[in-house]
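Asks: Next up is a structure, given as structure tokens.
The values are calculated or read from the model by the stated rules, or taken from the named source; none is laboratory data. Just so it is clear, the structure is predicted and the values come from calculations on it, not from any experiment. So basically every Cβ, Gly included, is an ideal-geometry build from the backbone, and we count neighbours across all protein chains shown.
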């Protein structure tokens with residue numbers, strides 16, 4: 001990316017091992033993330049390229065001498081942040097704050113260097129032509145991020161849930177809330193093709209209205225009280241205000257959309273009076289913590305999170321993929337390098 | 001109170017039963033709360049009185065026809081908010097959002113009308129001249145509030161804790177964190193008479209510095225990482241900023257000081273770094289939820305939360321009591337009507 005709206009496909013040198021803990025992975029599937037649209041809207045034009053992409057699934061091509069548990073030829077999925085998965089932060093489930101961690105940003109490519117490969121790559125027991133690969137790719141980010149939102153808000157069978165966002169993360173937050181036992185899941189979204197998938201994933205109600213009107217609608221659906229938890233996968237201040245409007249006293253707002261604002265109301269009338277718990281993930285979700293947990297249901301077909309991918313492009317067509325997501329013509333775009 | 005700094009003691013009509021769920025309590029002990037100092041600083045002058053006080057312990061003088069479980073002559077303590085203790089919100093531990101609830105504001109008096117008496121008054125198995133009464137009075141607010149801060153932040157034996165505030169709530173948050181098993185408790189406070197009591201209650205470190213200097217000190221004490229939980233019993237924006245500065249990635253800030261600000265940074269950059277996950281929780285403590293839990297250790301002398309009271313005044317001396325707390329000459333002032 002060279003600036004807002006300016007995505008180009010270029011030849012770059014092949015990645016090579018730099019550290020003995022590295023691996024090189026040939027990318028089989030990668031994709032475009034909703035968060036990639038923020039620079040697609042805002043990035044100042046530059047002569048220097050900003051490589052893109054943090055979600056990938058592929059085949060191990062080369063391994064550093066210290067990487068354990070992996071063999072060349074393994075089919076693997078990575079979490080979008082790399083981590084050693086052994087430090088105290090990883091042990092506490094905050095892999096995104098790993099002492100040796102960082103974030104991928106070159107995954108929309110044919111190959112990628114993977115630091116901390118042993119802690120980052122998860123071997124998949126399927127073949128390269130498995131129909132499950134799109135669903136398995138969601139474990140790299142969007143599914144784990146939606147699950148994180150639901151986990152941090154403590155969604156359980158006694159919890160009513162509002163999900164703000166009908167994008168991939170929001171839809172998979174619906175799926176996650178359902179998996180965690182929630183019986184009432186209200187999805188706020190305006191695009192019926194998306195909310196239909198949300199209903200398939202477990203949403204019991206869809207509210208198309210936004211702002212005050214949307215808040216009134218959710219309150220009406222919940223006897224005036226709002227829901228115990230609100231999962232905000234958007235990140236705009238309007239979504240936060242909507243979340244404050246529909247959360248029940250004593251409840252929790254879990255925000256996993258990358259916030260596009262700094263200051264917001266957290267004072268007496270907004271948060272304190274109603275005894276709300278606000279979970280802020282100022283950065284990305286520690287999805288590595290969830291891969292092992294979510295993998296079995298994907299493998300046996302219990303869930304099909306890959307349905308959020310509704311368009312596939314080649315590497316050359318990536319600029320079209322960004323455009324389609326930006327115009328809401330696609331929920332999430334798969335890339336086949 | 002007639003305005004900032006203007007506290008007067010006046011004769012008012014005796015309270016009477018209004019609802020069949022009411023009780024009338026003769027106040028044996030009441031006290032001044034740190035939160036009473038906010039209007040003491042800010043209240044615009046008025047010709048109309050604002051009655052004060054929300055913490056009391058006393059003897060049941062009269063009972064409405066529908067009040068169960070209590071008898072005239074019972075010695076009781078009340079939570080600072082009244083509640084039926086039977087509605088769904090009470091059942092979920094959010095008594096401060098009870099469907100039939102509200103807040104006391106006339107407790108600095110000889111007698112008080114208690115709505116929802118059955119759900120609000122807890123009978124005490126001691127006599128009116130027991131030396132335990134000051135400790136039992138802390139169950140009305142400050143002890144339960146400090147405990148709420150620690151509970152909501154999920155303080156446990158694996159959690160390091162910073163407490164911001166050496167006032168009564170902060171000191172009892174230290175005691176609560178200790179009771180919940182925390183082994184490392186850093187108390188931020190500048191008044192050695194107070195922090196000494198904090199150490200007695202379980203603080204392992206005391207940091208007198210504030211702002212950036214205080215943040216640096218706490219980080220230094222924790223290998224650069226900060227603590228898993230921060231209990232903010234202050235409510236000023238500076239305390240929130242301090243909390244953000246000392247909380248460990250993945251940690252929780254639990255705020256029980258009544259916030260004196262509305263907007264504050266909760267965005268991407270303010271969470272100092274792209275990967276901090278934090279929980280902001282707290283609110284008016286549902287202390288009724290904790291009274292039964294905390295009562296036994298007070299009764300058998302395991303804990304002595306009443307040590308936060310370091311001055312006693314008569315009703316006539318209440319204006320002096322406010323002055324003493326305001327000047328930090330007293331931690332918390334008992335009133336004997």
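Asks: Any idea which of A:81, A:117 is touching a residue at least 60 places away in the same chain (Cβ under 8 Å), in contact with a strand residue (DSSP E or B) (Cβ under 6 Å, 6 or more places away or on another chain) and more than 27 Å from residue A:175 (Cα to Cα)? Let's see the steps before the verdict.
Replies: Numbers: A:81 fails: more than 27 Å from residue A:175 (Cα to Cα).
Testing whether each residue is touching a residue at least 60 places away in the same chain (Cβ under 8 Å), in contact with a strand residue (DSSP E or B) (Cβ under 6 Å, 6 or more places away or on another chain) and more than 27 Å from residue A:175 (Cα to Cα) leaves just A:117.
Asks: Which of (1) crowded, with 24+ Cβ neighbours inside 10 Å; (2) closer than 17 Å to residue A:258 by Cβ; (3) more than 14 Å from chain B (Cβ to nearest Cβ) is the odd one out, the single condition residue A:53 does not satisfy?
Replies: The number of the failed condition is (1).
Asks: Quick check on this structure: which one of A:204, A:222, A:159 is within 27 Å of residue B:153 (Cα to Cα), in contact (Cβ under 8 Å) with a residue 12 or more places away in the chain and touching a strand residue (DSSP E or B) at 6+ places or on another chain (Cβ under 8 Å)?
Replies: Numbers: A:204 fails: within 27 Å of residue B:153 (Cα to Cα); A:222 fails: within 27 Å of residue B:153 (Cα to Cα).
Every option except A:159 fails the conditions.
Asks: Would you please name the residue that is surrounded by the most Cβ atoms within 10 Å (Cβ to Cβ), looking only at residues in region B:7-19 that are within 29 Å of residue B:259 (Cα to Cα) and over 23 Å from the mean Cα position of the chain (by Cα)?
Replies: At the first step, the residues of region B:7-19 found to be within 29 Å of residue B:259 (Cα to Cα) are B:7-9.
After this cut, where a residue has to be over 23 Å from the mean Cα position of the chain (by Cα) as well, the list is B:8-9.
Working: B:8: 9, B:9: 12.
Looking at residues that are within 29 Å of residue B:259 (Cα to Cα) and over 23 Å from the mean Cα position of the chain (by Cα), I get B:9.
Asks: A follow-up question, please. Residue by residue through region A:193-211, note down the ones that are surrounded by fewer than 16 Cβ atoms within 10 Å (Cβ to Cβ) and either modelled with pLDDT under 95 or at positive phi (or both).
Replies: Selection gives A:193, A:211.
Asks: Go through region A:77-110 residue by residue and tally those that are within 28 Å of residue B:160 (Cα to Cα), surrounded by 23 or more Cβ atoms within 10 Å (Cβ to Cβ) and more than 13 Å from chain B (Cβ to nearest Cβ).
Replies: Final tally of qualifying residues: 0.
Asks: Restricting to region A:252-268, give me the number of residues that are at the interface with chain B (Cβ under 7 Å from one of its Cβ atoms) and touching a residue at least 12 places away in the same chain (Cβ under 8 Å). So that I can check it myself, show each step before the final result.
Replies: Quick first cut of region A:252-268, residues at the interface with chain B (Cβ under 7 Å from one of its Cβ atoms) only: A:258-259, A:261-268.
Still in the running and touching a residue at least 12 places away in the same chain (Cβ under 8 Å): A:258-259, A:261, A:264-266.
Going through region A:252-268 one residue at a time, the tally reaches 6.
Asks: Something else: Have a look at A:49, A:59, A:76 and point out the one that is closer than 19 Å to residue A:317 by Cβ and modelled with pLDDT of 95 or more.
Replies: After ruling out the rest, the residue left standing is A:49.
Asks: All but one of (1) touching a strand residue (DSSP E or B) at 6+ places or on another chain (Cβ under 8 Å); (2) more than 17 Å from residue A:128 (Cβ to Cβ) hold for residue A:27, so report the exception by its number.
Replies: For residue A:27, the exception is condition (2).
Asks: Would you be able to tell me the number of residues in region B:1-34 that are closer than 30 Å to residue B:166 by Cα and out of contact with any helix residue (DSSP H, G or I) (no Cβ under 9 Å at 6 or more places or on another chain)? First the steps, then the outcome.
Replies: Our first condition is that a residue be closer than 30 Å to residue B:166 by Cα; within region B:1-34, this holds for B:1-9, B:27-34.
Within this subset, residues satisfying the condition of being out of contact with any helix residue (DSSP H, G or I) (no Cβ under 9 Å at 6 or more places or on another chain) are B:2, B:27.
Going through region B:1-34 one residue at a time, the tally reaches 2.
Asks: For region B:131-151: of the residues being in contact with a strand residue (DSSP E or B) (Cβ under 7 Å, 6 or more places away or on another chain) and surrounded by fewer than 24 Cβ atoms within 10 Å (Cβ to Cβ), which is nearest to residue B:240 (Cα to Cα)?
Replies: B:134
Asks: Would you pick out the residues in region B:281-293 that are within 14 Å of chain A (Cβ to nearest Cβ) and either at pLDDT 95 or above or within 15 Å of the chain's Cα centre (by Cα) (or both)? Let's see the steps before the verdict.
Replies: First pass over region B:281-293, keeping only residues within 14 Å of chain A (Cβ to nearest Cβ): B:281-290.
Once the filter is applied, which keeps residues that are within 14 Å of chain A (Cβ to nearest Cβ) and either at pLDDT 95 or above or within 15 Å of the chain's Cα centre (by Cα) (or both), region B:281-293 yields B:282, B:283, B:284, B:285, B:286, B:287, B:288, B:289, B:290.
Asks: All but one of (1) touching a residue at least 24 places away in the same chain (Cβ under 8 Å); (2) touching a strand residue (DSSP E or B) at 6+ places or on another chain (Cβ under 7 Å); (3) part of a loop (DSSP other than H, G, I, E, B); (4) assigned by TED's automatic domain parsing to the domain that holds residue B:135 hold for residue B:72; which doesn't?
Replies: (1)
Asks: Please state which one of A:305, A:319, A:296 is at pLDDT 95 or above and under 16 Å from residue A:38 (Cα atoms).
Replies: Values: A:305 fails: under 16 Å from residue A:38 (Cα atoms); A:296 fails: under 16 Å from residue A:38 (Cα atoms).
One residue alone meets the criteria, A:319.
Asks: Now for a different question. Cβ-Cβ below 6 Å, separation at least six or inter-chain, first residue in region B:229-247 and in the same structural domain as residue B:209 (by TED's automatic domain parsing) and at positive phi, second surrounded by 24 or more Cβ atoms within 10 Å (Cβ to Cβ) and not in a helix (DSSP H, G or I): which pairs?
Replies: B:235/B:257; B:235/B:259
Asks: Same structure, new question: Please state which one of A:278, A:271 is crowded, with 21+ Cβ neighbours inside 10 Å, facing another protein chain (nearest Cβ under 8 Å), modelled with pLDDT under 85 and in a helix (DSSP H, G or I).
Replies: Working: A:278 fails: in a helix (DSSP H, G or I).
Of A:278, A:271, the one residue that is crowded, with 21+ Cβ neighbours inside 10 Å, facing another protein chain (nearest Cβ under 8 Å), modelled with pLDDT under 85 and in a helix (DSSP H, G or I) is A:271.
Asks: To continue, here is another question. For region B:126-184, give me every one of the helices (runs of 4 or more DSSP H) that falls completely inside it and has 1 or more residues that are in contact with a helix residue (DSSP H, G or I) (Cβ under 7 Å, 6 or more places away or on another chain) and within 20 Å of residue B:225 (Cα to Cα). Show your work before the answer.
Replies: On the way: elements: B:133-137, B:142-152, B:168-179.
Answer list for region B:126-184: B:142-152, B:168-179.
Here is a yes/no grid of residues against (1) closer than 15 Å to residue A:7 by Cβ; (2) loosely packed, with under 15 Cβ neighbours inside 10 Å:
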| site | (1), (2) |
| --- | --- |
| A:286 | no, no |
| A:290 | no, no |
| A:295 | no, no |
| A:298 | no, no |
| A:303 | no, no |
| A:309 | no, no |
| A:313 | yes, no |
| A:324 | yes, no |
| A:336 | no, yes |
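Asks: Taking the conditions exactly as written (over 19 Å from the mean Cα position of the chain (by Cα) and not in a loop (DSSP other than H, G, I, E, B)), does residue A:217 satisfy them or not?
Replies: yes
Asks: Right, next: Can you tell me which residue in region A:232-249 is nearest to residue A:212 (Cα to Cα), limited to those that are within 11 Å of another protein chain (Cβ to nearest Cβ) and buried (at least 20 other Cβ atoms within 10 Å of the Cβ)? Show your work before the answer.
Replies: So in region A:232-249, the residues within 11 Å of another protein chain (Cβ to nearest Cβ) come out as A:235, A:237, A:240, A:248-249.
With the extra rule that they be buried (at least 20 other Cβ atoms within 10 Å of the Cβ), the set shrinks to A:235, A:240, A:248.
Numbers: A:235: 18, A:240: 12, A:248: 16 Å.
Selected residue: A:240.
Asks: Quick one: in region A:20-50, of everything that is assigned to a loop (DSSP other than H, G, I, E, B) and exposed (fewer than 15 other Cβ atoms within 10 Å of the Cβ), which residue is nearest to the chain's Cα centre (by Cα)?
Replies: If we filter region A:20-50 for residues that are assigned to a loop (DSSP other than H, G, I, E, B), which is where we start, we get A:20-22, A:32-33, A:43-50.
Subsequent filtering for residues that are exposed (fewer than 15 other Cβ atoms within 10 Å of the Cβ) retains A:20, A:44-50.
Details: A:20: 29, A:44: 25, A:45: 26, A:46: 27, A:47: 29, A:48: 27, A:49: 24, A:50: 21 Å.
Among those residues, the one meeting the criterion is A:50.
Asks: How many residues are within 18 Å of residue B:99 (Cβ to Cβ) and surrounded by 19 or more Cβ atoms within 10 Å (Cβ to Cβ) if we restrict to region A:212-224?
Replies: Residues meeting the conditions: 0.
Asks: Right, next: Among the numbered conditions (1) farther than 22 Å from residue B:168 by Cβ; (2) in a strand (DSSP E or B), tell me where residue B:57 comes up short.
Replies: (1)
Asks: Just checking, does region B:90-103 include any residue being closer than 25 Å to residue B:336 by Cβ and in the same structural domain as residue B:27 (by TED's automatic domain parsing)? If you could, list the steps in order and put the result at the bottom.
Replies: Step one: of region B:90-103, the residues closer than 25 Å to residue B:336 by Cβ are B:103.
Filter once more, keeping what is in the same structural domain as residue B:27 (by TED's automatic domain parsing): B:103.
Yes: region B:90-103 contains one or more residues that are closer than 25 Å to residue B:336 by Cβ and in the same structural domain as residue B:27 (by TED's automatic domain parsing).
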